[in-house]
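Right, one structure below, let's go through it.
The values are calculated or read from the model by the stated rules, or taken from the named source; none is laboratory data. Because the structure is predicted, anything quoted here is derived from the model rather than measured. All Cβ positions, even for glycine, are placed from backbone atoms using ideal geometry, and neighbour counts span all protein chains on display. Areas reflect the complete protein model, heavy atoms only, side chains present, ligands, DNA and RNA absent. Shrake-Rupley method; radii C 1.70, N 1.55, O 1.52, S 1.80 Å.
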Amino acid sequence: MTTVKNVINILEEFAPKSYAFEGDKIGLHVGSYNAKVSKVMVALDVLESVVDEAIENHVELIIAHHPLIFKPLKSIDLNSEKGRIIQKLIQHNISVYAAHTNLDIASSGVNDMLMNQLGIENTDILVETGEERLYKLVVFVPESHENQFRDALSEAGAGHIGNYSHCTFNTPGTGTFKPLDGTNPYIGSQGELEKVSEVRMETVLPESILNNVIQVAKEAHPYEEMAYDVYPVKLSGTKRGLGRIGALSQTQSLKQFAEHVKQSFDVPFVRVVGDESKQIKRVAVIGGDGNKYINQAKMKGADVLITGDIYYHTAHDALGMGLNMIDPGHHIEKVMKTELSKILRERSQDLDVEFIESKVMTEPFKVI
């Protein structure tokens, strides 16, 4: 039986909760981690129409980018939209999980999805928010299982340094243990001290996969009880951050590039800040509302910043510093529905669960 927790574990390996901004309302909003799930719907927003769609499609879990409960609820009024949504979710046993800024920041997350949609490759982080902690995992494994155990660790993501995999350091030694009553030892007999030729295998791995690698190690290890140590290490891990910046293959005018943005994100119009004849080469993107990051975009050498919800005074400030801006709207983050569904399908092949994308339009604005 696949549970909500099984699916969320896979999502959080990709976009750990620790990546999210402090105070962001991510996580399980409605439902139970222990609930059975066979069908998951990925959505941008959790509106009443989206919940109705989930009910119609017999969905048991909605994974959304924008949190259902962002501001604290003072009451659950069943005459309000929010109250009706929560009532329907509970009545139909549908859980809701939100992955917001952690999904924005994750590698291959929302901001990378937006850059891919624009056809811009080889991007860098725009606003650094931290780096992943690294750990050293040490496991004592019998010599007879050394190679297959190393393979299992590598397949789980441990021991990858740059373009090298299977990176471990191995020291031979002798392990001792005495199986007591109630044990079922792989080697040795109850009540007798056993000595085994073992290998102390050391490898480095990022925090985001630590728990999963330990679980894989226990499954691959022949002993009933695996002996292992975990140490934090003072090494620089992978940087993470909000937004992306990259270069176009060919310089083009702001007007030309704005047309490209409009077509790439399939929007009826974009708002443009700047001289339409200005030449554009370096492009920065922040999904959602990126108003407060115009200084970082300028400092990183961006010719234009693409983001949603541009404020009037922010536009004036950008003009004053010579930074062009393009606002295609907040709703372009809809790209995450298809792309996140693909990622979850690829990572959930061992689970008996189906992923679908919400088809309901949640863009609140119309052009007249």
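Of all residues in the range 349-368, those that are among the charged types (D, E, K, R) have Cβ atoms under 6 Å from Cβ atoms of residues that are assigned to a loop (DSSP other than H, G, I, E, B) and surrounded by 10 or more Cβ atoms within 10 Å (Cβ to Cβ), 6 or more apart or on another chain, in ASP352/THR2. I'd like the full set of residues that are basic (Lys, Arg) and in contact (Cβ under 8 Å) with a residue 60 or more places away in the chain, limited to the range 39-75. Scanning the range 39-75 gives a single hit, LYS39. Applying the criterion of being in contact with a Lys or Arg (Cβ under 9 Å, 6 or more places away or on another chain) and open to solvent by less than 50 Å² (accessible area, probe 1.4 Å) to the residues of the range 225-241, the residue that is farthest from GLY109 (Cα to Cα) is MET226.
When the range 110-148 is filtered for residues that are among the acidic types (Asp, Glu) and either more than 16 Å from the chain's Cα centre (by Cα) or surrounded by fewer than 16 Cβ atoms within 10 Å (Cβ to Cβ) (or both), the ones remaining, listed by number, are GLU121, ASP124, GLU128, GLU131, GLU143, GLU146.
Within the range 171-192, the presence of a residue that is under 30 Å from VAL283 (Cα atoms) and open to solvent by 70 Å² or more (accessible area, probe 1.4 Å) is excluded. Among the helices (runs of 4 or more DSSP H) confined to the range 253-325, the ones with at least 3 residues that are open to solvent by less than 30 Å² (accessible area, probe 1.4 Å) and of a type outside the set (Phe, Trp, Tyr) are located at 254-264, 312-321.
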